[in-house]
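The values are calculated or read from the model by the stated rules, or taken from the named source; none is laboratory data. Since this is a predicted model, take the numbers as computed values, not measurements. Note: ideal-geometry Cβ built from the backbone for every residue, glycine included; neighbour counts use all protein chains shown.
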Amino acid sequence: MNITSFLIYCIIVTVTPGPTNIVILSTVNNWGTKKAMEYTYGATIAFGLLLIISAILNTALMAVLPKILCIMQIIGSLYILYLAYQICKMDTSKSTAKETATFLSGFLMQFVNPKVVLFTMTVIPSFVMPYYTKLSTLMVFVAYITIIGFGAFITWVLFGTIFKTFLQKHQKIVNIIMALFLVYSAIIVSGVGELIKG
């Protein structure tokens, strides 16, 4: 097993901008580190759970992979557009806005985030299962990958915390830019970009 390739793949996929990371950055900017960590914990637990599901049910999932990916693209795109709308219209003077950045929303986001679902369904069978098939060994890799994912989320929390003053000074512009990134993510996830190219 090429551990270097495995680690590079895990780090690049988890740390690059995606819906979860953008929401984490927005949460730090608008409601602070504590609220972002609550969201991050939910996202991390769901990330680990998806890895466990992948490791245990990989064979069955591969048989229905095209159908699952199609459904996830639709649900994921709609949810990402909803998050973009929420970020764009965000008014931090209203305390009810904090309800969108909860442990539960972080947890649920992972199940409709096609980037995460695709990653968790492919990393174990692509990098680990060709060399290790014992369930206990697979769970060790699940733990390692979950820690890498948590580290990626924390990177976005730290980035938001360090640049919070700047981000708050330009809050409306930052929210619009983050919402546009989410809209872009939704377009990519939906497959519309591929249809336009083809």
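Worth a mention:
- Scanning segment 1-42 for residues that are of a type in the set (A, V, I, L, M, F, W, C), touching a residue at least 12 places away in the same chain (Cβ under 8 Å) and closer than 18 Å to VAL123 by Cα yields MET1, PHE6, LEU7, CYS10, ILE11, VAL13, VAL15.
- On inspection, GLY76 qualifies as at pLDDT below 80, within 17 Å of the chain's Cα centre (by Cα), surrounded by 15 or more Cβ atoms within 10 Å (Cβ to Cβ) and closer than 16 Å to VAL116 by Cβ.
- Filter pass, ILE22 being modelled with pLDDT under 75, in contact with a Leu (Cβ under 9 Å, 6 or more places away or on another chain) and either among the polar types (S, T, N, Q) or crowded, with 16+ Cβ neighbours inside 10 Å (or both): no
- Lone qualifier among GLY48, GLY32 - being modelled with pLDDT of 85 or more and closer than 16 Å to PHE150 by Cβ: GLY48
- Residue within segment 98-105 that is assigned to a helix (DSSP H, G or I), modelled with pLDDT of 80 or more, of a type outside the set (S, T, N, Q) and under 16 Å from the mean Cα position of the chain (by Cα) present: yes
- Criterion applied to THR155, THR122, THR133 was being at pLDDT below 90 and within 20 Å of PHE47 (Cβ to Cβ), and the one residue passing it is THR122.
- Filter result for THR120 (over 15 Å from VAL23 (Cβ atoms) and surrounded by 17 or more Cβ atoms within 10 Å (Cβ to Cβ)): yes
- Out of TYR184, TYR144, one residue alone is at pLDDT below 80 and either closer than 19 Å to ILE8 by Cβ or of a type in the set (Phe, Trp, Tyr) (or both). It is TYR184.
- Residue list for segment 26-51, restricted to those being surrounded by fewer than 24 Cβ atoms within 10 Å (Cβ to Cβ), touching a helix residue (DSSP H, G or I) at 6+ places or on another chain (Cβ under 6 Å) and more than 14 Å from PHE107 (Cβ to Cβ): TRP31, THR33, LYS35
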